1. Residues to consider are 153, 193, 157, 209; find the one that is closer than 27 Å to residue 90 by Cα, in contact (Cβ under 8 Å) with a residue 12 or more places away in the chain and surrounded by fewer than 22 Cβ atoms within 10 Å (Cβ to Cβ).
2. Restricting to region 13-47, what's the tally of residues that are in contact (Cβ under 8 Å) with a residue 60 or more places away in the chain, surrounded by fewer than 19 Cβ atoms within 10 Å (Cβ to Cβ) and out of contact with any helix residue (DSSP H, G or I) (no Cβ under 7 Å at 6 or more places or on another chain)?
3. Regarding residue 181, is this residue loosely packed, with under 15 Cβ neighbours inside 10 Å, at pLDDT 95 or above and away from the ligand (no atom under 14 Å from the Cβ)?
4. Within region 110-129, is even one residue touching a strand residue (DSSP E or B) at 6+ places or on another chain (Cβ under 7 Å), in a loop (DSSP other than H, G, I, E, B), within 13 Å of the ligand (Cβ to nearest atom) and on the phi < 0 side of the Ramachandran plot?
5. Identify all residues within region 78-109 that are within 16 Å of the ligand (Cβ to nearest atom) and assigned to a strand (DSSP E or B); write none if there are none.
6. Does residue 7 count as crowded, with 17+ Cβ neighbours inside 10 Å, part of a helix (DSSP H, G or I), in contact (Cβ under 8 Å) with a residue 40 or more places away in the chain and in contact with a strand residue (DSSP E or B) (Cβ under 9 Å, 6 or more places away or on another chain)?
7. Could you check residue 151 against (1) at positive phi; (2) within 16 Å of the ligand (Cβ to nearest atom) and say which number it fails?
Ligand code: GDP
């Protein structure tokens, strides 16, 4: 695998380019603060967080008697890293100590749940884990087929039932299959239809109850999949989902397609959820553990 920094650069995230250009050798003038503010807001960092970052950076500038833009770069990087790292488990690898460990993928349709399930299954299998996928998005027949296709490519078994069957029953089957075959990890892809929202939340709660009955520790990880292109518009949905299941982390997909790279800061600051993985493309290798320091270094490189 190429490393995270290289992937981020190759993903051609324009936002990182525009932020790094601001920290040139020129003197700090009012223009500098305007450019920084604009770039942070356009990047979806959020208005309040942008103001806070600028106030903190101004204070550092006065304190250290800094006059050149470039000299503020390391200070700004430090501010961003500490905001990201203020959220516990930011960038932490998945906790797969339970056997079997159930990873539940939740999020709205189109966010990239099925794709992420397939990428993750393939990567974990590559690390020597025995993986099963559960096709618990029984609402969309295409989702079952798509997951089976990923399973076929990765050589990972997919437990599925007919479309419209009970998703909790599919998850139950997958736990039985994992226990019988000694599998280490179950990745459960769930539905993300928004128009019948309350039913979906009940459905997710039922899945959580079934897991708890079979595995006392409950799900090992509940990952909410958020589309970076949607930016902060996805936050209300994330909060709704988090009520049905306690979220343990975010997978931020389509980061290769967004000009709102500041969304990572907003996820830390507003959602207070740790980002665990970033999706940087549609291929099996395009899922990377999120590394806050590498991210910020790449951003300001
Ligand atoms: P689901 O409805 O949440 O299961 O979403 P899908 O997994 O079907 O993904 C929706 C679309 O987004 C598909 O065309 C995926 O190939 C695409 N996709 C998912 N993750 C990424 C990513 O990180 N980058 C890019 N460019 N596309 C992605």
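1. Answer to the check: 209.
2. Number of matching residues: 2.
3. Taking the combined requirement at face value, the residue satisfies it.
4. Yes, because at least one residue in region 110-129 is touching a strand residue (DSSP E or B) at 6+ places or on another chain (Cβ under 7 Å), in a loop (DSSP other than H, G, I, E, B), within 13 Å of the ligand (Cβ to nearest atom) and on the phi < 0 side of the Ramachandran plot.
5. Passing the criteria: 103, 104, 105, 106.
6. For residue 7, the condition - crowded, with 17+ Cβ neighbours inside 10 Å, part of a helix (DSSP H, G or I), in contact (Cβ under 8 Å) with a residue 40 or more places away in the chain and in contact with a strand residue (DSSP E or B) (Cβ under 9 Å, 6 or more places away or on another chain) - is met.
7. (1)
Every residue, every condition in (1) within 20 Å of the chain's Cα centre (by Cα); (2) surrounded by 24 or more Cβ atoms within 10 Å (Cβ to Cβ); (3) over 20 Å from residue 240 (Cβ atoms); (4) touching a residue at least 40 places away in the same chain (Cβ under 8 Å), yes or no:
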residue: 95; (1), (2), (3), (4): yes, no, yes, yes
residue: 102; (1), (2), (3), (4): yes, yes, yes, yes
residue: 111; (1), (2), (3), (4): yes, yes, no, yes
residue: 118; (1), (2), (3), (4): yes, yes, yes, yes
residue: 121; (1), (2), (3), (4): yes, yes, yes, yes
residue: 126; (1), (2), (3), (4): no, no, yes, no
residue: 132; (1), (2), (3), (4): no, yes, yes, yes
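The values are calculated or read from the model by the stated rules, or taken from the named source; none is laboratory data. None of the values given here were measured: they were computed from a predicted structure. Cβ sites come from the backbone with ideal geometry, for glycine too, and all protein chains shown count toward neighbours.
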